[in-house]
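Contents: one structure, followed by commentary.
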Amino acid sequence: MAHNHNHNHAEQELEQRNRLPTLIEVLGRRTLAPVDLFSFYIYMRDQQRSVDYLDFWLDVSQHMSLCRHYVRELRRSMLIETPDLEKATSKRSSQFLDNFNLEDASSVPSSGKGSQAHKVSAILRAEDPKRRNRGGDDYSPSHSLSSHPSNQSGTPLTHRASSDLHVNQVSSTPHTHTRTGTGTGLTNGNERPPRPSFMESSHLSSSSPGHTVARPDLRASAEKILYTFILPGSEREIVLPQPMVDRMISAIEDENRDDPEIFDDAKDYVFQAMERDAYPGFLQAKALGNLVPLSILLRLIIGLLCLAAGFWAGYWFILRHIPRSTRCWVILPFTLGTYFTTSYQYKLDLITAYAGFSEYTWMNWSRVREPYVKRLLMMRANMAMVMFLAGAVGLSVLFIFVPGVRF
């Protein structure tokens with residue numbers, strides 16, 4: 001019943017949203033194609049060449065989910081082991097747990113004392129050290145995440161962030177890169193061989209009964225984020241302010257922390273960079289058009305070639321005084337040329353737009369399901385159709401009915 005209620009609420013929200021979605025809604029999987037998380041991942045990978053930033057944000061969100069799952073298990077175990085919550089040894093943690101809201105808000109970039117990351121971190125830091133170390137003496141980063149967890153907390157990140165995202169449908173290999181230099185924006189860097197998000201091979205501890213999360217799993221998750229994205233010289237290093245990097249390194253390696261609050265500042269920083277530098281281009285590409293850059297470029301080339309052929313044939317027919325019935329052949333190159341150049345101008349293929357499809361990689365199409373984007377693309381398709389018909393008819397009539405001459 002609750003699942004059906006949430007599903008109906010999501011559908012109602014989509015119908016009522018008479019605007020383009022925000023980045024928070026995209027990252028929170030509250031949007032549909034072509035402005036869903038899968039499409040944004042492909043855009044960051046193929047066009048922005050900054051997918052490492054999105055992977056970092058998603059991995060940190062997954063770490064937050066692991067921490068939330070661990071806190072749930074901690075609460076259950078405390079209720080079983082200490083039913084009398086008036087005992088002094090458990091009173092403080094019980095107050096934290098009773099006042100803690102475990103709703104999934106990991107997709108919302110927030111920080112501060114009122115944020116969920118702060119509450120989870122406070123609970124983890126306040127945990128009894130004996131309980132924290134229980135079963136963790138034999139921890140090693142290479143063994144701590146070895147069994148498949150529940151869907152809530154342990155689905156491999158890139159598959160979880162893109163299983164609904166159908167990443168396996170993409171024929172091209174994901175591109176990753178390393179950013180160089182300083183700056184706050186998302187810019188192109190040197191290409192490196194593709195390396196998947198660490199969560200693709202990371203799972204929960206096999207020593208955790210019932211696929212629950214053990215404390216070493218949190219430690220391993222935090223360390224792998226550090227070693228993958230943060231440490232200087234790492235394979236997928238992202239550019240962050242140096243004081244921010246130093247604080248994260250110190251918190252994990254010196255203070256032995258694994259709570260999600262460690263990454264709050266970096267997560268907000270990356271979110272703001274994506275929102276400022278990548279997301280506007282994503283909306284322009286997916287909400288106002290339905291073609292990828294390669295398709296747009298090819299349409300320009302084909303359109304110009306067809307128009308050149310049409311002009312050459314039209315002038316040849318005129319100068320050779322060819323009958324108008326034969327001149328009608330210029331309709332074909334002018335129609336194709338005008339169609340493709342109009343598609344280039346609007347970054348929109350008219351036929352697929354009316355059919356309700358959008359291109360996410362070269363010659364791979366997905367159906368447009370976001371209601372507002374569907375209406376927006378239809379409006380632009382109507383405008384492009386008017387321009388196409390006016391250009392094709394105008395050029396055809398001009399070169400068919402203009403009087404011919406003989407040289």
- [ ] Could you size up the charge dipole of the range 337-407 around its Cα centre, putting +1 on the beta carbon of Lys and Arg and -1 on that of Asp and Glu, and report it in debye to the nearest 20?
- [x] 100
Open item on the list: Charges at C-beta only: +1 for Lys and Arg, -1 for Asp and Glu. How large is the resulting dipole of the range 224-369 about its Cα centre, in Debye rounded to 20?
Closed with: 1880
Task: Förster-model FRET efficiency, 51 Å R0, residue 297 and residue 253, C-beta, rounded to 0.05 - done: 0.60
Open item on the list: Sorting check: for 355-367, 39-51, 55-67, which peptide has the highest mean count of neighbouring beta carbons within 10 Å, and how do the rest follow?
Closed with: 55-67, 39-51, 355-367
TODO: Can you pull a Stokes-Einstein diffusion coefficient for the range 271-407 at 25 °C (0.890 mPa s), Rh from Kirkwood over Cα pairs, as a whole number of µm²/s?
DONE: 149
Task: Relative packing of peptides 31-38, 268-275, 309-316 - highest average C-beta neighbours within 10 Å first - done: 31-38, 268-275, 309-316
Task: Formal net charge of residues neighbouring residue 313 (Cβ-Cβ distance under 12 Å; K, R +1; D, E -1) - done: +2
Open item on the list: So for the range 310-374, considering every pair of alpha-carbon atoms, how many percent are separated by more than 18 Å?
Closed with: 54
TODO: Report relative contact order for the range 219-264 in percent, whole number only (criteria: Cα-Cα under 8 Å, sequence separation at least 6).
DONE: 37
Open item on the list: Residues of the range 348-382 with backbone nitrogen within less than 15 Å of a virtual label 7 Å along the Cα-to-Cβ line of residue 18, please, listed as ranges.
Closed with: 371-373, 375-376
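The numbers here are math on the coordinates, done by the rules we state, and not lab data. Please read these numbers as outputs of a predicted model, since none were measured by experiment. Virtual Cβ from ideal backbone geometry, glycine too; neighbours counted across all protein chains shown.
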